[in-house]
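Here the structure comes first, spelled out in structure tokens, and everything after it is commentary.
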Amino acid sequence: MHPTPSQTIGPFYGYALPFPDGAAVAPAGHPDTITVHGRVYDGAGAPVPDALLEFWQPAPDGSRRGAPGSLRRDPTTGGYAGRDGHTFTGFARVATDADGAYTLHTLPPGQNAYLSVCVFARGLLHHLYTRAYLTGTDTAADPLLASLPEQRRRTLLAVPARGRCHRFDIHLQGPKETVFLAFP
Amino acid sequence: MIPTQRDISALIGVEAARHRATGAVRHHPDRRYPPYRSSELRHPAHPLVTVADPDAVELSGPVFGVTDVTELDADLTRQHAGEPLGERITVTGRVLDRAGRPVRGQLVEIWQANASGRYAHQRDQHPAPLDPHFTGVGRCLTGDDGGYRFTTVRPGAYPWLNHTNAWRPAHIHFSLFGTAFAQRLVTQMYFPGDPLFAYDPILQAVTDDAARARLVAAYDHDLSVPQWSLGYRWDIVLDGPAATWIEEGR
């Protein structure tokens, strides 16, 4: 069967898809919490204020099964009930702010060097996949990183920031264009 | 200088001719599509890098369950104290993978403008009335047969700023998860016979005629409920990495 074509997410997804705690994958107060933050830029170097980022990763024990409950609803009111505070779902969704910035709080992915990222925005007719490799990755040991020339490889590597922070910027186009991925 | 509809229609014609000349079947739009002006600074210029790693994390995906959805989420006409204005419709169909198998238990999310063509969004400045009884957000999980079903109202067409006199055909946005992160899809469903199709650079970005037709729902009189609503059927086929197709128990 032939696939249904992709279409842009448009600028007005903002009241529909983002949910409270969408970026809070780590249970509140977990001592191993890491922060991944950055900005999304267009080809002119301007921040993209209407992007939506989704992240997917293994649990700290390496499990890739995920778990329900990322956008848990209150069955009485129909409102948002929040994550349950202990289940690690592996999924995050965060919209960029007016300055193109996003912040994600999560736990280190077990047996894995990176977070998988999916980028949606007005102007993107088809979403884009990339990976945010966390600080300290052995680039020679990873097949994807090892296959890339140095300048392009750098676009997948988060930059260490203060504390347990990692900075990961996404450039949709331009001299620092991020490496985007296809899965055959 | 803001282009006119004539300028944009000419560009749409150029892209359509270019597509026909290649003879290629293209299921998805090009990332760069000049008639859709927002794509110019946002499409990557480098080709995508293919991940050949059989152990890629993207071959698994997030899961959602009954805790993420309430029963009323699929009925957009019952989320407020009163009835929304407009033509009440049922939209239903199946979510399938490329082998034609149902994609079960997966989250489907929709969002749309109200019957007047206005989104319940702060930045939508189209001077059409907001409906106090309609927000335009719904979600559900697919059933064992891959089926989904929403009750809503038919959205209106609305103007946008791509060019002078740019109007979007009526559409409902869909977000779909498959069984792999790499199977993710965000798309739009259109209504049959809309006179705005030819003028819309977002729909026309799908240059393959058969692929574009797959974005248009079918009116199904058997789905219409007497004294209540009209029915539309729209099936969705998720693309995705070949590596996930042979897995059992999806």
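Within region B:158-189, restricting attention to residues that are over 19 Å from B:Ser9 (Cα atoms) and of a type in the set (Ser, Thr, Tyr), the residue that is farthest from the other protein chains (Cβ to nearest Cβ) is B:Thr179. How many of the residues in region A:1-20 are more than 30 Å from B:Asp200 (Cα to Cα) and within 14 Å of the chain's Cα centre (by Cα)? Total satisfying the criteria: 0. Within region A:111-126, the set of residues being of a type outside the set (A, V, I, L, M), open to solvent by less than 10 Å² (accessible area, probe 1.4 Å) and outside any strand (DSSP E or B) comprises just one member, A:Gly123.
Residue by residue, here is whether (1) in a helix (DSSP H, G or I); (2) touching a helix residue (DSSP H, G or I) at 6+ places or on another chain (Cβ under 7 Å); (3) open to solvent by less than 60 Å² (accessible area, probe 1.4 Å) holds:
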| site | (1), (2), (3) |
| --- | --- |
| B:His28 | no, no, yes |
| B:Pro35 | no, yes, yes |
| B:Leu41 | no, no, no |
| B:Pro54 | no, yes, no |
| B:Gly61 | no, yes, yes |
| B:Leu72 | yes, no, no |
| B:Gly86 | no, no, yes |
| B:Ile89 | no, no, yes |
| B:Glu109 | no, no, yes |
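Criterion applied to B:Arg98, B:Arg118 was being open to solvent by 40 Å² or more (accessible area, probe 1.4 Å), at pLDDT 95 or above and within 11 Å of chain A (Cβ to nearest Cβ), and the one residue passing it is B:Arg118. Being closer than 22 Å to B:Gly117 by Cα, basic (Lys, Arg) and surrounded by 23 or more Cβ atoms within 10 Å (Cβ to Cβ) holds for only one residue in B:Arg168, B:Arg154, and it is B:Arg168. Return yes when B:Gly231 is assigned to a strand (DSSP E or B) and either surrounded by fewer than 21 Cβ atoms within 10 Å (Cβ to Cβ) or not basic (Lys, Arg) (or both) and no when it is not. It is true that B:Gly231 is assigned to a strand (DSSP E or B) and either surrounded by fewer than 21 Cβ atoms within 10 Å (Cβ to Cβ) or not basic (Lys, Arg) (or both).
Applying the criterion of being in contact (Cβ under 8 Å) with a residue 60 or more places away in the chain and within 23 Å of B:Ile236 (Cβ to Cβ) to the residues of region A:15-35, the residue that is nearest to the other protein chains (Cβ to nearest Cβ) is A:Leu17.
Among the residues of region A:58-72 satisfying the criterion of being open to solvent by less than 50 Å² (accessible area, probe 1.4 Å) and at the interface with chain B (Cβ under 9 Å from one of its Cβ atoms), which is nearest to B:Leu72 (Cα to Cα)? Here the residue is A:Leu71.
The values are calculated or read from the model by the stated rules, or taken from the named source; none is laboratory data. Everything quoted here is computed from the prediction, not taken from an experiment. Please note: Cβ atoms are built from the backbone with ideal geometry, for glycine as well, and neighbour counts cover all protein chains shown. Note: areas computed on protein heavy atoms with side chains; ligands, DNA, RNA excluded. Shrake-Rupley method; radii C 1.70, N 1.55, O 1.52, S 1.80 Å.
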